[in-house]
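Structure, as structure tokens:
The values are calculated or read from the model by the stated rules, or taken from the named source; none is laboratory data. Note that the structure is predicted; figures quoted are calculated from it, not measured. Cβ placement follows ideal geometry from the backbone for every residue including glycine, while neighbour counts extend to all protein chains displayed.
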Amino acid sequence: MFVQEAVQEHVATEAAEKFNAGKVIIEHVSNSGLDHPLLHVPRVLGIDFSVTKHVLMLWIVAAFVSIVVIVTVRRYLRQDRLMASGFMNALEALVEFIRDAIVLPNVGRKWVNTWTPLVLTFFVFIFCANAIGLIPIFEVLGVLDHFVLHTAEESLVKHVMHGGTTATANFNVTAALASITFGAIIVAGSKAHGFVKHWTNLVPHGLAWPLYILLIPIEVMGMFVKPFALTMRLAANMTGGHIAILAILSFVFLFTEMFGRAVAGVGVGLAVSVPLAVGISLLEIIVVLVQAYVFTLLTAVFIGMAINVHH
Amino acid sequence: MNGLPFFGAAIGLGMIVIGAALGIGKFASAAAESIARQPNAADKITGAVNLPLFLLEGVAILAEVFVLLIVLLK
């Protein structure tokens with residue numbers, strides 16, 4: 001999308017003479033560029049399908065979630081007596097929470113089993129994508145590469161270093177997720193009331209006609225604003241926290257440069273940066289949970305609004 | 001006038017924070033007050049406060065994204 005391009009352009013145009021905090025930070029949260037993709041795919045219909053960092057993260061998250069959930073559920077179903085044990089307990093609690101606390105109050109008893117799977121998938125996927133972004137896997141890999149592995153300049157390990165780890169911090173990813181919500185709202189309304197009735201339900205009935213001139217554009221706009229707000233909220237929240245952590249950590253390098261010696265940077269790091277970064281990381285753990293919850297809750301609310309029309 | 005976009009972005013960011021803080025403060029105070037009056041209804045009150053709170057947060061985040069855009073696209 002537009003924002004991502006702007007960010008990358010900004011990175012490209014910025015000339016790096018000294019330590020440039022803005023450039024480093026943006027490079028750590030935005031997607032890796034198309035000039036060094038992880039996997040080259042030829043252009044199809046003029047679109048570059050090369051695999052970038054965020055696509056790789058999406059695959060990792062999807063594989064992780066499917067393997068963990070499928071293995072757990074298969075093991076549970078193979079038993080003679082269906083007794084939940086171990087991780088299955090946690091999974092059951094999660095499913096129950098999503099169904100009873102998020103979907104049921106909003107969607108209603110009649111449609112709860114239709115829409116719980118979608119909302120549950122959203123929650124698990126977004127939560128795992130957010131949470132994996134907090135784990136510094138690639139930073140550890142980079143340190144290992146620098147001191148132990150010493151791979152070549154164009155190796156896969158070096159390529160993986162570029163770009164951020166949180167796939168949900170990419171506006172394209174969240175826009176895709178929100179378009180599923182957009183489709184789900186229309187499908188929900190159409191299934192509950194019929195296709196034509198869903199569209200007439202958008203505005204209240206029996207008003208004076210001049211009001212409709214005002215109301216119809218507002219409601220049509222609202223239809224698009226809902227998924228747009230979902231997109232922006234998730235992506236901006238996931239980017240914002242990481243930028244804050246990186247900005248605080250970059251004090252170390254800024255102070256080193258300012259005073260010309262490493263001791264100043266390390267001192268500031270130990271006294272200010274590390275405690276603050278730990279605090280914000282703790283806050284990020286909450287944000288990760290809350291944002292997954294918010295996305296699923298709002299999806300359930302919007303689907304419920306299409307089904308239970310209060311006009 | 002090279003720094004003017006930064007100037008505007010900084011003022012805008014400050015105003016966003018003021019607005020969001022006022023809004024969240026009102027939510028928190030109203031929720032705390034009503035829970036104090038009716039501790040039994042705490043769950044319902046939390047549920048009712050949650051949704052508008054997230055909508056408010058969404059507006060603030062949107063504004064921050066636009067501020068970021070001003071800086072990046074100047």
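Exactly one residue out of A:PHE64, A:PHE19 is at pLDDT 70 or above, surrounded by fewer than 19 Cβ atoms within 10 Å (Cβ to Cβ) and either more than 22 Å from the chain's Cα centre (by Cα) or assigned to a loop (DSSP other than H, G, I, E, B) (or both): that is A:PHE19. The set of residues from region B:53-74 being within 19 Å of A:VAL288 (Cα to Cα) and of a type outside the set (D, E, K, R) comprises B:LEU53, B:PHE54, B:LEU55, B:LEU56, B:GLY58, B:VAL59, B:ALA60, B:ILE61, B:LEU62, B:VAL65.
The number of residues in region B:18-74 being loosely packed, with under 13 Cβ neighbours inside 10 Å, of a type in the set (A, V, I, L, M) and within 13 Å of chain A (Cβ to nearest Cβ) comes to 1. Any residue at all in region A:148-168 that's under 14 Å from the mean Cα position of the chain (by Cα), at pLDDT 85 or above and surrounded by fewer than 21 Cβ atoms within 10 Å (Cβ to Cβ)? Taking every residue of region A:148-168 in turn, none turns out to be under 14 Å from the mean Cα position of the chain (by Cα), at pLDDT 85 or above and surrounded by fewer than 21 Cβ atoms within 10 Å (Cβ to Cβ). Among the residues of this structure, B:ILE11 counts as one that is free of Cβ contacts under 8 Å to residues at least 40 places away in the same chain and surrounded by 11 or more Cβ atoms within 10 Å (Cβ to Cβ). Restricting the search to helices (runs of 4 or more DSSP H) fully inside region A:172-290 and requiring at least 1 residues that are touching a residue at least 40 places away in the same chain (Cβ under 8 Å) and under 25 Å from A:LYS110 (Cα atoms) gives A:195-200, A:209-249. Being under 18 Å from B:PHE66 (Cβ atoms) and either assigned to a helix (DSSP H, G or I) or at pLDDT 90 or above (or both) is the requirement here; does B:VAL17 meet it? So B:VAL17 passes the test. Within region A:72-89, the set of residues being touching a helix residue (DSSP H, G or I) at 6+ places or on another chain (Cβ under 9 Å) and not in a loop (DSSP other than H, G, I, E, B) comprises A:THR72, A:VAL73, A:ARG75, A:TYR76, A:PHE87, A:MET88.
State all residues of region A:85-109 that are without any contact (Cβ under 8 Å) to a residue 12 or more places away in the chain and of a type in the set (D, E, K, R); if no residue qualifies, say none. Across region A:85-109, the qualifying residues are A:GLU92, A:GLU96, A:ASP100, A:ARG109. When the residues of region A:254-267 are narrowed to those that are surrounded by fewer than 19 Cβ atoms within 10 Å (Cβ to Cβ) and of a type in the set (A, V, I, L, M, F, W, C), which ends up nearest to the other protein chains (Cβ to nearest Cβ)? If we take residues in region A:254-267 being surrounded by fewer than 19 Cβ atoms within 10 Å (Cβ to Cβ) and of a type in the set (A, V, I, L, M, F, W, C), then A:LEU254 is nearest to the other protein chains (Cβ to nearest Cβ). Looking only at residues of region A:235-253 that are away from chain B (no Cβ under 14 Å) and of a type in the set (Val, Ile, Thr), we find that the one that is surrounded by the fewest Cβ atoms within 10 Å (Cβ to Cβ) is A:ILE248.
Residues to consider are A:LEU120, A:LEU104; find the one that is assigned to a helix (DSSP H, G or I), within 14 Å of chain B (Cβ to nearest Cβ), surrounded by 14 or more Cβ atoms within 10 Å (Cβ to Cβ) and touching a helix residue (DSSP H, G or I) at 6+ places or on another chain (Cβ under 6 Å). Walk me through it before giving the result.
On the way: A:LEU120 fails: within 14 Å of chain B (Cβ to nearest Cβ).
Criteria check complete, one pass: A:LEU104.
Of the set (1) modelled with pLDDT of 80 or more; (2) farther than 26 Å from A:THR165 by Cα; (3) aliphatic (A, V, I, L, M), all apply to A:LEU45 but (1). Against the condition small (Gly, Ala, Ser) and not in a helix (DSSP H, G or I), how does A:GLY163 come out, does it pass? When the stated conditions are applied, A:GLY163 passes them.
Only one entry in B:LEU72, B:LEU62 is over 15 Å from the mean Cα position of the chain (by Cα), under 19 Å from A:ALA235 (Cα atoms) and in a helix (DSSP H, G or I), namely B:LEU72.
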